[in-house]
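Since the structure comes first, as C-alpha coordinates, the remarks are kept for the end.
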Amino acid sequence: MIMSDKAHCFKMSSINKHVFGTTEWAVANANYLNGCSNDCKYCYSKEMAIRFKRKTVDSWKDEVVNWPAFYRNIRHKDGYIMFPSTHDITPEHLGLALDYILRLLNNDNTVLIVTKPSFQCIEHLCNALGDFKDRILFRFTIGSINSETLRLWEPNAPCYAERKQSLIYAYNAGFKTSISCEPMLDDQVSALINDLSEYVTDAIWLGKMNFLLRRLNANGHLNPQMRNAAEQLLFWQSDSAILSLYEAYKDNPKIKWKESIKKVVGLEISTKKGEDK
Ligand code: SF4
(Lines give C-alpha, C1' and ligand atoms only; values in the text may rest on other atoms or scores of the structure.)
Protein backbone atom coordinates (compact mmCIF):
# COMPACT_ATOMS: atom_id res chain seq x y z
CA MET A 1 0.00 0.00 0.00
CA ILE A 2 -1.50 0.78 1.17
CA MET A 3 -0.55 3.83 0.93
CA SER A 4 -0.40 3.87 0.15
CA ASP A 5 0.09 4.15 2.76
CA LYS A 6 -3.00 3.57 1.38
CA ALA A 7 -4.21 6.19 4.08
CA HIS A 8 -7.59 5.43 2.64
CA CYS A 9 -9.01 8.36 4.52
CA PHE A 10 -11.76 10.25 2.84
CA LYS A 11 -12.13 12.98 5.39
CA MET A 12 -11.12 16.56 4.79
CA SER A 13 -9.58 18.76 7.39
CA SER A 14 -12.36 20.55 9.21
CA ILE A 15 -10.19 23.65 9.56
CA ASN A 16 -8.71 24.33 6.17
CA LYS A 17 -10.42 21.81 3.91
CA HIS A 18 -7.11 20.57 2.60
CA VAL A 19 -7.34 17.16 0.99
CA PHE A 20 -5.06 14.35 2.07
CA GLY A 21 -4.75 10.59 1.82
CA THR A 22 -6.70 9.11 -1.05
CA THR A 23 -8.69 12.33 -1.58
CA GLU A 24 -5.57 13.81 -3.16
CA TRP A 25 -5.91 11.24 -5.93
CA ALA A 26 -9.56 10.36 -6.39
CA VAL A 27 -13.09 11.67 -5.92
CA ALA A 28 -14.29 8.35 -4.49
CA ASN A 29 -13.02 4.99 -3.22
CA ALA A 30 -14.38 1.53 -3.95
CA ASN A 31 -13.80 -1.63 -1.89
CA TYR A 32 -15.46 -4.96 -1.14
CA LEU A 33 -12.97 -7.04 0.89
CA ASN A 34 -12.58 -7.00 4.63
CA GLY A 35 -8.95 -7.80 5.35
CA CYS A 36 -5.79 -7.97 3.28
CA SER A 37 -3.34 -10.84 3.00
CA ASN A 38 -0.37 -8.48 2.54
CA ASP A 39 -0.68 -7.63 6.26
CA CYS A 40 1.44 -4.48 6.11
CA LYS A 41 2.57 -3.48 9.57
CA TYR A 42 1.73 0.20 9.09
CA CYS A 43 -1.71 -0.43 7.58
CA TYR A 44 -4.31 2.24 8.28
CA SER A 45 -7.19 -0.03 7.25
CA LYS A 46 -6.05 -2.71 9.68
CA GLU A 47 -5.89 -0.15 12.47
CA MET A 48 -9.46 0.95 11.70
CA ALA A 49 -10.75 -2.62 11.40
CA ILE A 50 -9.28 -3.52 14.79
CA ARG A 51 -10.58 -0.34 16.39
CA PHE A 52 -14.12 -1.02 15.17
CA LYS A 53 -13.88 -4.74 15.99
CA ARG A 54 -14.33 -5.98 12.44
CA LYS A 55 -10.96 -7.74 12.65
CA THR A 56 -8.23 -8.69 15.10
CA VAL A 57 -4.46 -8.37 14.86
CA ASP A 58 -4.34 -11.96 13.60
CA SER A 59 -7.45 -12.11 11.42
CA TRP A 60 -6.72 -8.99 9.33
CA LYS A 61 -4.77 -11.08 6.82
CA ASP A 62 -7.88 -13.22 6.07
CA GLU A 63 -9.71 -11.66 3.13
CA VAL A 64 -13.48 -11.87 3.51
CA VAL A 65 -15.80 -10.73 0.74
CA ASN A 66 -18.37 -8.14 1.70
CA TRP A 67 -20.98 -9.23 -0.84
CA PRO A 68 -23.36 -6.28 -0.44
CA ALA A 69 -20.40 -3.97 -1.10
CA PHE A 70 -19.31 -6.10 -4.05
CA TYR A 71 -22.73 -5.91 -5.71
CA ARG A 72 -23.34 -2.23 -4.92
CA ASN A 73 -23.80 -0.25 -8.07
CA ILE A 74 -21.25 2.55 -8.32
CA ARG A 75 -22.66 5.14 -10.66
CA HIS A 76 -20.69 7.50 -12.83
CA LYS A 77 -18.55 10.04 -11.04
CA ASP A 78 -16.60 12.92 -12.52
CA GLY A 79 -13.02 12.04 -11.67
CA TYR A 80 -11.02 9.00 -10.72
CA ILE A 81 -12.53 6.27 -8.57
CA MET A 82 -9.74 4.63 -6.61
CA PHE A 83 -9.95 0.86 -6.42
CA PRO A 84 -9.10 -0.57 -3.98
CA SER A 85 -8.20 1.63 -1.03
CA THR A 86 -8.79 -0.57 2.05
CA HIS A 87 -7.52 -3.90 0.68
CA ASP A 88 -5.49 -5.08 -2.31
CA ILE A 89 -5.93 -7.03 -5.52
CA THR A 90 -4.56 -10.48 -4.72
CA PRO A 91 -4.59 -13.75 -6.67
CA GLU A 92 -7.16 -15.26 -4.30
CA HIS A 93 -9.85 -12.79 -5.40
CA LEU A 94 -8.57 -11.84 -8.85
CA GLY A 95 -11.74 -12.91 -10.66
CA LEU A 96 -13.87 -10.71 -8.42
CA ALA A 97 -11.50 -7.79 -8.94
CA LEU A 98 -11.80 -7.99 -12.73
CA ASP A 99 -15.58 -8.27 -12.54
CA TYR A 100 -15.77 -5.27 -10.24
CA ILE A 101 -13.44 -3.11 -12.36
CA LEU A 102 -15.45 -3.94 -15.46
CA ARG A 103 -18.64 -2.80 -13.74
CA LEU A 104 -16.98 0.50 -12.79
CA LEU A 105 -15.83 0.98 -16.37
CA ASN A 106 -19.18 0.00 -17.85
CA ASN A 107 -20.73 2.78 -15.76
CA ASP A 108 -18.47 5.17 -17.69
CA ASN A 109 -16.05 5.73 -14.83
CA THR A 110 -12.32 6.38 -14.88
CA VAL A 111 -10.51 4.05 -12.51
CA LEU A 112 -7.31 4.51 -10.54
CA ILE A 113 -6.13 0.97 -9.79
CA VAL A 114 -3.86 1.09 -6.74
CA THR A 115 -2.02 -2.06 -5.75
CA LYS A 116 1.17 -3.63 -4.51
CA PRO A 117 1.24 -5.49 -7.77
CA SER A 118 1.22 -9.23 -8.05
CA PHE A 119 2.45 -10.10 -11.55
CA GLN A 120 -0.26 -12.72 -11.95
CA CYS A 121 -2.91 -10.10 -11.23
CA ILE A 122 -1.43 -7.37 -13.44
CA GLU A 123 -0.89 -9.69 -16.39
CA HIS A 124 -4.51 -10.88 -16.12
CA LEU A 125 -5.96 -7.38 -15.74
CA CYS A 126 -3.92 -5.95 -18.61
CA ASN A 127 -4.96 -8.77 -20.93
CA ALA A 128 -8.63 -8.36 -20.02
CA LEU A 129 -8.89 -4.57 -19.92
CA GLY A 130 -7.18 -3.58 -23.15
CA ASP A 131 -10.32 -1.88 -24.49
CA PHE A 132 -10.36 0.53 -21.54
CA LYS A 133 -6.78 1.82 -21.51
CA ASP A 134 -7.88 5.42 -21.83
CA ARG A 135 -9.93 5.20 -18.61
CA ILE A 136 -7.50 3.28 -16.40
CA LEU A 137 -4.46 4.58 -14.54
CA PHE A 138 -2.35 2.01 -12.70
CA ARG A 139 -0.67 3.17 -9.51
CA PHE A 140 1.78 0.63 -8.16
CA THR A 141 2.83 1.03 -4.55
CA ILE A 142 6.58 0.58 -4.25
CA GLY A 143 8.18 2.05 -1.14
CA SER A 144 11.68 0.66 -1.60
CA ILE A 145 13.84 -1.09 -4.16
CA ASN A 146 15.07 -3.40 -1.41
CA SER A 147 12.99 -6.57 -1.06
CA GLU A 148 14.25 -7.14 2.48
CA THR A 149 12.87 -3.74 3.43
CA LEU A 150 9.59 -4.49 1.70
CA ARG A 151 9.35 -7.82 3.52
CA LEU A 152 10.01 -6.14 6.87
CA TRP A 153 7.12 -3.69 6.48
CA GLU A 154 4.81 -5.55 4.08
CA PRO A 155 5.43 -9.22 4.95
CA ASN A 156 3.20 -10.96 2.42
CA ALA A 157 3.27 -8.45 -0.45
CA PRO A 158 5.23 -9.07 -3.66
CA CYS A 159 8.99 -8.49 -3.73
CA TYR A 160 10.59 -5.59 -5.59
CA ALA A 161 11.40 -7.61 -8.71
CA GLU A 162 7.77 -8.71 -9.07
CA ARG A 163 6.46 -5.18 -8.63
CA LYS A 164 8.94 -3.86 -11.21
CA GLN A 165 8.03 -6.68 -13.60
CA SER A 166 4.36 -5.74 -13.19
CA LEU A 167 5.07 -2.10 -13.91
CA ILE A 168 7.00 -2.97 -17.06
CA TYR A 169 4.24 -5.31 -18.23
CA ALA A 170 1.53 -2.66 -17.86
CA TYR A 171 3.76 -0.06 -19.51
CA ASN A 172 4.56 -2.30 -22.47
CA ALA A 173 0.87 -3.16 -22.80
CA GLY A 174 0.15 0.54 -23.36
CA PHE A 175 -1.50 1.40 -20.05
CA LYS A 176 -0.98 4.64 -18.16
CA THR A 177 1.33 3.94 -15.23
CA SER A 178 2.31 5.66 -12.02
CA ILE A 179 4.09 4.83 -8.75
CA SER A 180 3.08 5.49 -5.19
CA CYS A 181 6.24 5.65 -3.11
CA GLU A 182 4.09 6.32 -0.07
CA PRO A 183 5.10 5.47 2.48
CA MET A 184 8.76 5.79 1.56
CA LEU A 185 10.35 2.89 3.43
CA ASP A 186 14.01 3.91 3.42
CA ASP A 187 16.45 6.60 2.31
CA GLN A 188 17.03 5.08 -1.14
CA VAL A 189 14.31 7.01 -2.96
CA SER A 190 16.70 8.28 -5.62
CA ALA A 191 17.61 4.73 -6.57
CA LEU A 192 13.93 3.87 -6.91
CA ILE A 193 13.26 6.90 -9.10
CA ASN A 194 16.26 6.09 -11.30
CA ASP A 195 15.24 2.45 -11.67
CA LEU A 196 11.56 2.96 -12.47
CA SER A 197 11.09 6.36 -14.14
CA GLU A 198 11.37 5.12 -17.69
CA TYR A 199 8.32 2.88 -17.23
CA VAL A 200 6.16 5.60 -15.69
CA THR A 201 3.90 7.54 -18.03
CA ASP A 202 2.19 9.59 -15.33
CA ALA A 203 3.89 10.34 -12.03
CA ILE A 204 5.89 9.06 -9.08
CA TRP A 205 4.23 10.16 -5.86
CA LEU A 206 6.43 10.54 -2.79
CA GLY A 207 4.96 10.59 0.72
CA LYS A 208 5.99 10.12 4.32
CA MET A 209 4.94 7.40 6.73
CA ASN A 210 2.09 8.73 8.87
CA PHE A 211 1.33 7.99 12.55
CA LEU A 212 3.86 5.16 12.49
CA LEU A 213 4.30 4.30 16.18
CA ARG A 214 0.58 4.53 16.85
CA ARG A 215 -0.22 2.19 13.96
CA LEU A 216 2.49 -0.32 14.83
CA ASN A 217 1.11 -0.45 18.32
CA ALA A 218 -2.53 -0.78 17.23
CA ASN A 219 -1.61 -3.44 14.67
CA GLY A 220 0.32 -5.55 17.15
CA HIS A 221 3.81 -4.95 15.78
CA LEU A 222 5.48 -2.59 18.24
CA ASN A 223 8.23 -5.00 19.32
CA PRO A 224 11.86 -3.91 19.89
CA GLN A 225 12.90 -4.75 16.31
CA MET A 226 10.10 -2.71 14.77
CA ARG A 227 10.58 0.14 17.22
CA ASN A 228 14.19 0.42 16.05
CA ALA A 229 13.14 0.24 12.42
CA ALA A 230 10.50 2.89 13.02
CA GLU A 231 12.91 5.25 14.72
CA GLN A 232 15.34 4.84 11.82
CA LEU A 233 12.58 5.59 9.33
CA LEU A 234 11.39 8.64 11.25
CA PHE A 235 14.97 9.93 11.22
CA TRP A 236 15.14 9.43 7.45
CA GLN A 237 11.92 11.42 7.16
CA SER A 238 12.98 14.34 9.34
CA ASP A 239 12.15 17.80 8.00
CA SER A 240 15.77 18.37 6.93
CA ALA A 241 15.84 15.09 4.99
CA ILE A 242 12.53 15.89 3.32
CA LEU A 243 13.78 19.36 2.34
CA SER A 244 16.88 17.79 0.77
CA LEU A 245 14.74 15.33 -1.15
CA TYR A 246 12.52 18.14 -2.37
CA GLU A 247 15.52 20.21 -3.50
CA ALA A 248 16.81 17.24 -5.49
CA TYR A 249 13.54 16.59 -7.36
CA LYS A 250 11.51 19.80 -7.30
CA ASP A 251 12.16 20.40 -11.01
CA ASN A 252 11.47 16.82 -12.08
CA PRO A 253 8.05 16.91 -13.78
CA LYS A 254 7.36 13.24 -12.97
CA ILE A 255 7.67 13.70 -9.21
CA LYS A 256 4.58 14.63 -7.19
CA TRP A 257 4.45 15.30 -3.49
CA LYS A 258 1.84 14.04 -1.05
CA GLU A 259 0.35 16.37 1.51
CA SER A 260 2.74 15.03 4.19
CA ILE A 261 5.65 16.48 2.20
CA LYS A 262 3.91 19.58 0.85
CA LYS A 263 3.35 20.87 4.35
CA VAL A 264 7.04 20.42 5.22
CA VAL A 265 8.39 22.19 2.14
CA GLY A 266 5.71 24.89 1.93
CA LEU A 267 3.87 23.83 -1.21
CA GLU A 268 0.22 24.71 -1.60
CA ILE A 269 -2.07 21.85 -0.55
CA SER A 270 -5.06 21.22 -2.76
CA THR A 271 -8.55 21.81 -1.45
CA LYS A 272 -10.21 19.90 -4.31
CA LYS A 273 -10.80 16.15 -4.17
CA GLY A 274 -9.13 14.06 -6.81
CA GLU A 275 -6.97 16.69 -8.48
CA ASP A 276 -4.11 14.18 -8.48
CA LYS A 277 -1.44 16.88 -8.39
S1 SF4 B 1 -1.79 -3.56 0.90
FE2 SF4 B 1 -3.34 -4.31 2.33
S3 SF4 B 1 -2.32 -4.57 4.31
FE4 SF4 B 1 -1.02 -3.28 2.98
S5 SF4 B 1 -1.56 -1.16 3.49
FE6 SF4 B 1 -2.84 -1.76 1.74
S7 SF4 B 1 -4.73 -2.58 2.62
FE8 SF4 B 1 -3.21 -2.49 4.28
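The values are calculated or read from the model by the stated rules, or taken from the named source; none is laboratory data. This structure is a prediction, so every number in the text was calculated from the model and none was measured. Using ideal geometry, Cβ is built from the backbone for each residue, glycine included, and neighbour counts are taken over all protein chains shown.
Some values worked out for this structure:
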quantity	calculated
Qualifying position, being in contact with a Ser or Thr (Cβ under 8 Å, 6 or more places away or on another chain) and of a type in the set (Phe, Trp, Tyr), among PHE132, PHE119	PHE119
Of residues in region 184-203 being assigned to a helix (DSSP H, G or I) and acidic (Asp, Glu), the one farthest from GLN232 (Cα to Cα)	GLU198
Condition met for GLU162 (among the acidic types (Asp, Glu), part of a helix (DSSP H, G or I) and farther than 30 Å from TRP236 by Cα)	no
Among (1) under 25 Å from ILE261 (Cβ atoms); (2) of a type outside the set (A, V, I, L, M); (3) out of contact with any Lys or Arg (no Cβ under 6 Å at 6 or more places or on another chain); (4) outside any helix (DSSP H, G or I), the one test that THR149 misses	(4)
Among the residues listed as GLU92, GLU24, the single one being at pLDDT below 95 and acidic (Asp, Glu)	GLU24
Subset of region 183-211 (residues that are of a type in the set (S, T, N, Q) and over 16 Å from LEU243 (Cα atoms))	ASN194, SER197, THR201, ASN210
Region 71-84 residues that are more than 15 Å from GLY274 (Cβ to Cβ), paired with ones that are more than 16 Å from the ligand (Cβ to nearest atom) (beta carbon under 6 Å, 6 or more apart)	ARG75/ASN107
Meets criteria (under 20 Å from the mean Cα position of the chain (by Cα) and more than 13 Å from the ligand (Cβ to nearest atom)) for TYR44	no
